[in-house]
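Here's the structure, in structure tokens; my notes come after.
Please treat every number below as a calculation from the coordinates, not as lab data. Treat the numbers as computed from the prediction; the structure is a model and nothing was measured. For neighbour counting, all protein chains shown are included, and Cβ atoms are generated from backbone atoms with ideal geometry for every residue, glycine included.
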Amino acid sequence: MTPLIAEALQTVMTDPEGLLPARQQMALSLGWHIVLACFGVAFPAMIFVMHLRGIRRDDQVALGLAKRWAKVSAVLFAIGAVSGTVLSFEMGLLWPGLMGTYGDVLGLPFAFEGLSFFVEAIFLGIYLYGWGRMPPRRHLLMVVPMAVAGVVGTFCVISVNAWMNAPTGFRVENGEVVDVDPWRAMFNDLVVLQFGHMWIAAYMVVGFSIAGVYAFGMLRGRRDAHHRLGFLVPFVFATVAALGQPFVGHLLGGNLGDRQPAKLAAFELAETTESPSPLRIGGWYDDGEVSGTIDIPYLGSLLAQNSFTEPVRGLDTIPADEHPPINIVHWAFQSMVGIGVLLMLAVLLFWAARWRRRDLLENRWFLRFCVVAGPLAVVALEAGWIATEVGRQPWIVYGFMRTSEAAGSYSGLWWLLGSTAVVYAGMTVGAVVVLRSMARRWRAGEEDLPSPYAPEPAGEERR
Amino acid sequence: MSLEVAVAAALFVGVVAYAVFGGADFGSGFFDLTAGDARRGAELRTLVDHSIGPVWEANHVWLIYVLVIWWTAFPESFAAAMTTLVVPLLLALLGIVLRGASFAFRKFSATLGQARLFGVLFAASSILTPFFLGTVAGAIASGRVPADGSGDRWSSWINPTSLFGGAIAVGTCAFLAGVFLAADASRGDRQQLAEVLRVRAVAVGAVTGAVVLGALVPILDDAPTLSDGLTGRAAPLVVLSALAGAATLWLVWTRRYAAARWPAVVAVASVVSGWGVGQYPWLLVDETRIVDAGGAEATLQALLVAVGLAAVVVVPPLVYLFRLTQSEEWSRH
């Protein structure tokens, strides 16, 4: 662990005082929000499929599931909305240097993201409260704008992040930002692939998480149509996503060596330039030395450069003050890839077995794996974000602005971080308690779950 | 009209919309908090839940709209305001988080104890949030946000204009909520509840009106630039607000709740617009003019495209949502 601590210490010693807490604050609030954002993006599509099945086939099981999922989404979307608002504030509060200088370059996609959030929130309200109050088909159609808005919103937010990795749509002349073209900044070179990667990730996270809930129920012996369908629909979504993700991820990483050599070198733990580069699994980088890795020859060049000979540029060719914290980036990247490959193999196994007429849902070990697949997908998601974000350091706008220049000069940011951790922990506990109590009441046969505003006798007034 | 002013106008439309629609949602927290113990307050709390449930998230997005347009169109002034006003903004943010989360949690609480806990959090944060946002408005309007963001972290928002701004924000929110909740109760055939709300809404409205008018006195002294505007260019709006407020009270008192919603909206929209028109042409009063604050021209043009798109894509469904929630069918559950 010592290299990690050394890395952290070095960061603390060389950077301005407010930088580290600001980065941790951003990491906490973004890392928390991104999980809920996934539900905002991918859940509506799954609800739509379930609801559609319910209406088309007059399938009461499917309708019941869609109804429950809608209620769950009401809770998740609410905390997603407020934690997203936190990020809007933090953009200005924590990074005044970034927003003051580049606000008019990077802001446009946020404006469109705001529009899609509007659409999502409006139709969510209509859909959630429309059960039994609208003609069924029209009611179902209300999910469509929600799902579309989720996709557009993802594109817009990712567009900003892609711009930070591959800044474009402006020039810097004598320290001034000139020739701003916000459309070019929004549709930068990286946005399509980075969007694809995140969009698919959202389906993996939500698909595996929801399927895992019903896998858990089956482990407890609840093997009815309700649990099978509740498992299968999200699992099919997760399957498509898990199969596609390695390819999209590979394409995204395709020219990383040209764009951000330091990030690629940290991913691959390339201390020197070797031709061909091996794939280094695990290990540590400490003071210019790499140790403890399992090396597979050729594979590094093959995966990172699509070539048997072209090397990964070594860290020794890059000035030390432009190195990201290498071990964090390396381990985060490899965790993401490792989990991604594992999940891909698991879905392949499931469908291959099914093709051979074996149902793995009868296998307790497979069910157990499905229960942890959701959390694993979340870990992969977080690891991926850590890899790309920490890997971009010390830059906030790659090649143009260092993160230290973007931070504000506040004291007391550690207090803010502490309070945020407390509030978010409270919100997490609240959500878990409420969602579990909903599941418990559903199992007990309640359907509508009215909230108890009064002691029992007054309950008669509720309809 | 210059490009900068056009974008600033679009931005301010968002401020007014947030004050009116978001405000009505926040204001319901006041009635929730003062509804009495669990038994007596159950009916009112159920009504609050039902009234703002479908709309609060959509209304909340106006705030995002305002932030996004502000930082994209006027980035330096945004950074300056965020840096100087970090304390009230963080407190408002805390309120926003607690309000939204505990509202959703309360709706699906399993026990009365949980519903109580989340209910108190929801209601209290619904009152604190508009207060702190009001102090932010007061800070900008009284010229306490320097263009370089170096304003005092405390006196910038603890001063007469800010504190009255906060009080006005809380009052107008509660006033709007009272009128809308009374209308909802009456439409849902809960006349007894409507009666209770009628009295409270009139009381809240009268107090708020008095605070708004009374605030003019210290503001004249504390914020000269704003008060020049309020007594000059924006005077018709101040008068309109007073008239509409009085009309609302009269309509509520005579139990014409549905009709009272319109003048209530006009009263709040015009008092907020009065602030905007009053501080024109300043973005940060006495510090930065709107025309000098704009970011890149191409970005301002692109933002107007986004605003135009919003008018086409967002407004019709928003109207549809409001029509549904204000219909009789949706009120009878």
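Charged side chains reduced to their Cβ positions (Lys and Arg at +1, Asp and Glu at -1) give region B:16-175 a dipole of some 400 debye around its Cα centre. Only aspartates and glutamates eight or more places from A:LYS67 in sequence, or on another chain, were considered; those with a Cα closer than 17 Å are A:ASP58, A:ASP59, A:GLU446, A:GLU447, A:ASP448. Note: relative contact order over chain B, using C-alpha pairs below 8 Å and six or more positions apart, is 24 percent.
So how strong a dipole does the protein assembly as shown carry about its Cα centre when Lys and Arg Cβ are +1 and Asp and Glu Cβ are -1, to the nearest 20 debye?
Details: 54 positive and 60 negative charges, 878 e Å.
Dipole magnitude for the protein assembly as shown comes out near 4220 debye.
Sort A:HIS330, A:HIS33 by Cβ crowding within 10 Å, fewest neighbours at the top.
Working: A:HIS330 27, A:HIS33 21.
By the 10 Å Cβ count, ascending: A:HIS33, A:HIS330.
Please work out the Cα center distance from region A:23-94 to region B:260-286, rounded to the nearest Å. If you average the Cα positions of each part, the centres end up 35 Å apart.
Note down the relative contact order for region A:8-117 as a percent, whole number, built from C-alpha pairs under 8 angstrom at least six residues apart. Display every interim value, and only then the final one.
Values: 48 pairs, mean separation 28.8, N = 110.
It rounds to 26 percent for region A:8-117.
Each listed q (0.17, 0.22 Å⁻¹) maps to a log10 I(q)/I(0) for region B:232-333 from the Debye sum over equal C-alpha point scatterers, namely -1.02, -1.10.
Computed about the Cα centre, the dipole magnitude for region A:265-350 is approximately 480 debye when only Lys and Arg (+1) and Asp and Glu (-1) carry charge, each at its Cβ. Fully extending the segment from B:TRP154 to B:TYR320, taken as 0.36 nm per residue of separation minus the present Cα-Cα distance, adds 55.5 nm.
Classification of region A:321-427 by its C-alpha gyration tensor yields an oblate form. The axis ratio a/c (a ≥ b ≥ c) is 1.5 or more, and b/c is at least a/b. Farthest towards the positive end of the charge dipole of region B:96-234, among the residues B:GLY143, B:THR111, B:THR225, is the Cα of B:THR111, using unit charges on the Cβ of Lys, Arg, Asp and Glu. What trypsin sites (Lys or Arg not before Pro) in region B:149-254 are in a loop by DSSP, with at most 12 other Cβ atoms within 10 Å of the Cβ? Sites meeting the loop and neighbour criteria: none at all.
Under the 0.36 nm per residue contour assumption, what length would be gained going from the current alpha-carbon distance of A:GLU173 and A:LEU251 to full extension? Please report the intermediate quantities before stating the final value.
Numbers: separation 78, 0.36 × 78 = 28.08 nm, distance 3.35 nm.
Length gained between A:GLU173 and A:LEU251: 24.7 nm.
Got the relative contact order for chain A handy, in percent, Cα pairs under 8 Å and 6 or more residues apart? Numbers along the way, then the final one.
Numbers: 644 pairs, mean separation 82.3, N = 463.
So the answer I get is 18 percent.
Each residue, B:VAL312 and A:ASN306, gets one label point 7 Å from its Cα in the Cβ direction; the gap between the two is 3.7 nm.
Could you please report the charge total around B:ALA80, scoring K, R as +1 and D, E as -1 over all other residues with beta-carbon less than 10 angstrom from its beta-carbon? After counting each charged neighbour, the total is -3. Label sites at A:ALA353 and B:ALA9, each approximated as a point 7 angstrom past Cα along Cα to Cβ, lie 6.6 nm apart. When each of A:TRP183, A:TRP32 is scored by the number of other beta-carbon atoms lying within 10 Å, the sequence from fewest to most is A:TRP183, A:TRP32.
Where Rh is the Kirkwood radius over the Cα pairs of region A:235-377, the temperature 20 °C and the viscosity 1.002 mPa s, what D in µm²/s does Stokes-Einstein return? Before the final figure, lay out the partial values.
On the way: Rh = 16.7 Å.
Result for D is 128 µm²/s.
Here the calculated FRET efficiency for B:ASP292 and B:THR225, from their Cβ-Cβ distance with R0 = 22 Å, stands at 0.90, rounded to the nearest 0.05. To the nearest 0.05, how large is the calculated FRET efficiency for A:ILE55 and A:ASP224 if R₀ is 22 Å and r is the Cβ-Cβ distance? E(calc), rounded to 0.05, equals 0.55. Translational D (Stokes-Einstein, µm²/s) of chain A at 4 °C and 1.567 mPa s when Rh comes from the Kirkwood sum over C-alpha pairs? Rounded to a whole number, D works out at 54 µm²/s. A DSSP coil position with no more than 13 other Cβ atoms inside 10 Å describes the following chymotrypsin sites (Phe, Trp or Tyr not before Pro) in region A:295-386: A:PHE308.
Considered as an equivalent ellipsoid built on the Cα gyration tensor, region B:1-149 has semi-axes of 33, 16, 12 Å, the largest given first. Whole Å is fine, so just give me how far the alpha carbon centre of region A:273-331 lies from that of region A:346-363. Computed from Cα coordinates, the inter-centre distance equals 37 Å.
Toward the positive end of the charge dipole of chain A, with +1 on the Cβ of Lys and Arg and -1 on the Cβ of Asp and Glu, the farthest Cα among A:HIS330, A:ASN188, A:CYS38 is that of A:CYS38.
For chain A, the mean residue ellipticity at 222 nm estimated from helices alone is -24500 deg cm²/dmol, where every DSSP H run of n ≥ 4 contributes -39500 (n - 2.57) and the total is divided by all residues, rounded to the nearest 500. Among A:ILE281, A:ILE210, the order by Cβ neighbours within 10 angstrom, fewest to most, reads A:ILE281, A:ILE210.
Pop the C-beta distance of B:ALA242 and A:VAL372 into the FRET formula with R0 = 45 Å and round what comes out to the nearest 0.05.
Values: r = 63 Å, r/R0 = 1.40.
Result of the calculation: an efficiency of 0.10.
Cα centroids of region B:148-185 and region A:417-455: 31 Å apart.
Taking the charge dipole of chain B about its Cα centre, with +1 at Lys and Arg Cβ atoms and -1 at Asp and Glu Cβ atoms, the residue from B:LEU249, B:LEU47, B:LEU321 reaching farthest to the positive side is B:LEU47.
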